[in-house]
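The values are calculated or read from the model by the stated rules, or taken from the named source; none is laboratory data. Being a predicted model, the structure only gives us computed values, none of them experimental. Cβ atoms come from the backbone with ideal geometry, glycine included; neighbour counts cover every protein chain shown.
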Amino acid sequence: MKKKDKLLIILMTILPWLSIPFIGKKTLKRFLPGSLFMSLYLIAEGRFAEKKKWWWFPYSIKPNVLAELPLIFGPFLVGALWILKYTYGKFNLYLLVNILIDSFFTYFGLKWLKKIGYVSLARLTRFQLSIVFLIKTFVLYGFQIVYEKCCHLSKNSSL
């Protein structure tokens, strides 16, 4: 991976965080637990995927550290916050937005990440990756429902 491409990976991690001041404190407080839960889920999934050779990262950040951490703690975590902010409580819209974003990543973003030498699919097809993303869509929404019921948060609270 070239230095220019490493810089792009760093920017991919940092740039989404620049949008956090615009998300609002109430939204952050409401949806951060679900987004953090999904980050932990993605770390566990990454370990599992590494063993099953679903995808391949040609480098690692450090030994025994997942190379997908920039994706997990950059666009995936911040993206989950924004998606929940605008679609939670409207499941059909939530599902549509996730399918569109996940499909864009799977069929276009992944090509670019492969081109720069960041990641490539190994034993997983793009369609199978889409199914993996769809499962995560349901896990995040389900977690948020359970979290709000357990913590007695009003799902109709104004943000």
- The residue from 129, 93 that alone is over 16 Å from the mean Cα position of the chain (by Cα), aliphatic (A, V, I, L, M) and modelled with pLDDT of 95 or more is 93
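Regarding residue 66, is this residue touching a Lys or Arg at 6+ places or on another chain (Cβ under 9 Å) and either at pLDDT below 95 or over 18 Å from residue 129 (Cβ atoms) (or both)?
Working: touching a Lys or Arg at 6+ places or on another chain (Cβ under 9 Å): yes; either at pLDDT below 95 or over 18 Å from residue 129 (Cβ atoms) (or both): yes.
It is true that residue 66 is touching a Lys or Arg at 6+ places or on another chain (Cβ under 9 Å) and either at pLDDT below 95 or over 18 Å from residue 129 (Cβ atoms) (or both).
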- Query: Of the conditions (1) of a type in the set (D, E, K, R); (2) in contact with a helix residue (DSSP H, G or I) (Cβ under 8 Å, 6 or more places away or on another chain); (3) surrounded by fewer than 17 Cβ atoms within 10 Å (Cβ to Cβ); (4) in contact (Cβ under 8 Å) with a residue 40 or more places away in the chain, residue 126 fails just one. Which one is it?
  - Reply: (4)
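Which one of these is under 21 Å from residue 105 (Cα atoms) and modelled with pLDDT under 90: 18, 8, 36, 40?
On the way: 18 fails: modelled with pLDDT under 90; 36 fails: modelled with pLDDT under 90; 40 fails: modelled with pLDDT under 90.
Unique residue meeting the criteria: 8.
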- Please work out which one of (1) surrounded by 15 or more Cβ atoms within 10 Å (Cβ to Cβ); (2) modelled with pLDDT of 95 or more is the condition residue 86 fails and give its number. (1)
- Those residues of the stretch 48-61 which are surrounded by fewer than 13 Cβ atoms within 10 Å (Cβ to Cβ) and either touching a Phe, Trp or Tyr at 6+ places or on another chain (Cβ under 6 Å) or modelled with pLDDT of 90 or more (or both), in sequence order: 48, 51, 52, 53
